[in-house]
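The values are calculated or read from the model by the stated rules, or taken from the named source; none is laboratory data. Please read all numbers here as calculations on a predicted model, not as lab measurements. Virtual Cβ from ideal backbone geometry, glycine too; neighbours counted across all protein chains shown. The accessibility values were calculated without ligands, DNA or RNA, using every heavy atom of the protein model including side chains. Shrake-Rupley method; radii C 1.70, N 1.55, O 1.52, S 1.80 Å.
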Amino acid sequence: MSDGLTALPWLGEILWLSLTLIAYVIALKINRFLGGRVYLHPILLSSVLVLAMLIIFAHDIGSYAQQVSLLTWLLGPATCALAIPVFRNLRLIYQAGFKVIGVILLGGLLGPAITWLILYLFTSPHWLQLSVLTKSITTPLAIDTTRLIGGNPSVAAGIVIVTGLMGVLVSRPLFKLLNIHNSSAKGLALGTSSHAIGTAHAISLGEKAAAFATVGLCINGIATAAMLPLILSVLSSAIGT
């Protein structure tokens, strides 16, 4: 199939874009039909469907990533659109004050740090250790930041997706276990730890949760993308590597 489309690259782009969108629509309908089960998240189901198609058609995943790059680009405008619930809840966010920023920065630091420490203790490859440091920020930022610090952008993108899905999967039982009912707290946790996927889930919890999730997503993403390369550069100079 790949060989037959070599002479018509634009046709391949249209085909795989269409198949990806169809896979997501099917996954969305399955999720809704089965009662919106968190463990049957549309992104997870659609990823499985797309992977199955790649295997069936023996299509290179690198070529696929290039052919659906439009969807990756659209993540930027989609993220900007999240400013709408933030604007509608500016008063509540302002009342929360700087303590919200502190919680976001702490949450954005602990998750990647613990994951890195586990990989370090198990003597994992250095590039993999670097690739997990962007696990809690949205994909476009993670890809560029990982490239800057010497990690593998493709692996980082996969880790980001897994992180988002796992955050959504465990959020409901974790909130119940810890007796958390405040929608602002739920949104803040989802946005900070599970980036855009968590924020999308927070939208289903209400506008207030969506607003705080967006704040968590944006502040954690910007802080990580801005500070991580600088911190690693300073550490590298300090230890002489």
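Among the residues of region 140-169, those identified as within 14 Å of Pro125 (Cβ to Cβ) and within 11 Å of the chain's Cα centre (by Cα) are Ala156, Ile159. In this entry, Leu51 is excluded by the filter for residues that are open to solvent by 60 Å² or more (accessible area, probe 1.4 Å), in contact (Cβ under 8 Å) with a residue 12 or more places away in the chain and of a type in the set (A, V, I, L, M, F, W, C). Condition first: among the aliphatic types (A, V, I, L, M), at pLDDT 85 or above and crowded, with 18+ Cβ neighbours inside 10 Å. Can you find one or more residues in region 69-86 that meet it? No, every residue in region 69-86 fails to be among the aliphatic types (A, V, I, L, M), at pLDDT 85 or above and crowded, with 18+ Cβ neighbours inside 10 Å.
With the requirement that a residue be in a helix (DSSP H, G or I) and over 20 Å from Thr139 (Cα atoms), what does region 24-48 give you?
Taking region 24-48 and keeping what is in a helix (DSSP H, G or I), we get 24-33, 38-40, 42-48.
Within region 24-48, Val25, Ile26, Ala27, Leu28, Lys29, Ile30, Asn31, Arg32, Phe33, Val38, Tyr39, Leu40 meet the criteria.
Part of a helix (DSSP H, G or I), closer than 18 Å to Leu228 by Cβ and either open to solvent by 40 Å² or more (accessible area, probe 1.4 Å) or at pLDDT 75 or above (or both) - does that describe any residue in region 89-101? Give the steps one after another, and end with the answer.
Applying the first criterion (part of a helix (DSSP H, G or I)) to region 89-101 yields 90-96, 98-101.
Narrowing further to those that are closer than 18 Å to Leu228 by Cβ: 101.
Those left that are additionally either open to solvent by 40 Å² or more (accessible area, probe 1.4 Å) or at pLDDT 75 or above (or both): 101.
Yes, region 89-101 has at least one match.
Search region 177-195 for residues being touching a Ser or Thr at 6+ places or on another chain (Cβ under 9 Å) and among the aliphatic types (A, V, I, L, M), and hand back the single one that is surrounded by the most Cβ atoms within 10 Å (Cβ to Cβ).
Just the residues of region 177-195 that are touching a Ser or Thr at 6+ places or on another chain (Cβ under 9 Å), to begin with: 186-187, 189-195.
From what is left, the residues that are among the aliphatic types (A, V, I, L, M) are 189-190.
Values: Ala189: 25, Leu190: 29.
It comes out as Leu190.
Being open to solvent by 20 Å² or more (accessible area, probe 1.4 Å), among the hydroxyl-bearing types (Ser, Thr, Tyr) and either in a helix (DSSP H, G or I) or at negative phi (or both) narrows it down to one of Ser154, Ser171, Ser136, so name that one. The match here is Ser154. Evaluate the following for Leu141: is it touching a helix residue (DSSP H, G or I) at 6+ places or on another chain (Cβ under 6 Å), open to solvent by 60 Å² or more (accessible area, probe 1.4 Å) and under 22 Å from Ala200 (Cα atoms)? Against the criterion (touching a helix residue (DSSP H, G or I) at 6+ places or on another chain (Cβ under 6 Å), open to solvent by 60 Å² or more (accessible area, probe 1.4 Å) and under 22 Å from Ala200 (Cα atoms)), Leu141 qualifies. Counting only residues that are open to solvent by 80 Å² or more (accessible area, probe 1.4 Å) and either closer than 19 Å to Pro42 by Cβ or not in a helix (DSSP H, G or I) (or both), how many does region 196-241 have? Number of matching residues: 3.
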